[in-house]
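The values are calculated or read from the model by the stated rules, or taken from the named source; none is laboratory data. Remember, it's a predicted structure, so these values are computed and weren't measured experimentally. With ideal geometry, Cβ positions are generated from the backbone for all residues, glycine too; neighbour counts draw on all protein chains shown. Surface areas here come from the heavy atoms of the whole protein model, side chains and all, with no ligands, DNA or RNA. Shrake-Rupley method; radii C 1.70, N 1.55, O 1.52, S 1.80 Å.
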Amino acid sequence: MEKSGGLRGYCCFKCRNFVADHNDIIDKYYIGTHKYGRGRAFLFSHASNVVEEPSVLRILITGPYVVSDILCAECGQNLGWKYKKSFHDVHKYKEGKVVMAKYNIIRGV
Ligand SMILES: [Zn+2]
């Protein structure tokens, strides 16, 4: 029997706050670049229960972007960032999307 209707997704690794729905994953094999280094990350169309920091201009490997850091609304852990604006057409699809590093989130039920 298949269960439906429950929340499936990802939680903050620190406090287990639910931050992203499984259905909102766009790319599971996204490689993120951040001040903490380069590594496997997930690209989501939407994040929940997070706080957005003020927008900043950040130079990433694929070019300059306006981004906002994303913090867990419960414990303040930095989880990743949201793309606010891209300056290259090829990366425009990322605008409004959220990147969370794989080591910052854990699989929820
Ligand atoms: Zn948290």
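Numbers below:
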quantity	calculated
Listed residues 59, 31 arranged by accessible area, highest first, probe 1.4 Å	59, 31
For the chain: rounded, prolate or oblate by the Cα gyration tensor [a/c cutoff 1.5]	prolate
Unit Cα scatterers, Debye sum, segment 58-104: log10 I(q)/I(0) for q = 0.28 Å⁻¹	-1.02
Unit charges on C-beta of K, R, D, E only; dipole of the chain, Debye	300 debye
Computed label-point distance, nm, for sites residue 28 and residue 45 using a 7 Å Cα→Cβ extension	1.7 nm
Among 60, 79, 71: highest mean-square fluctuation, GNM of the chain, C-alpha pairs under 10 Å	60
Modelled label reach - residue 16, point 7 Å along Cα→Cβ, segment 44-75 residues with backbone N closer than 20 Å	48-50, 72-75
Cβ-isolated cysteines (cut-off 4.7 Å), the chain	11
Which of 56, 90 is most accessible, then next, and so on - probe 1.4 Å	90, 56
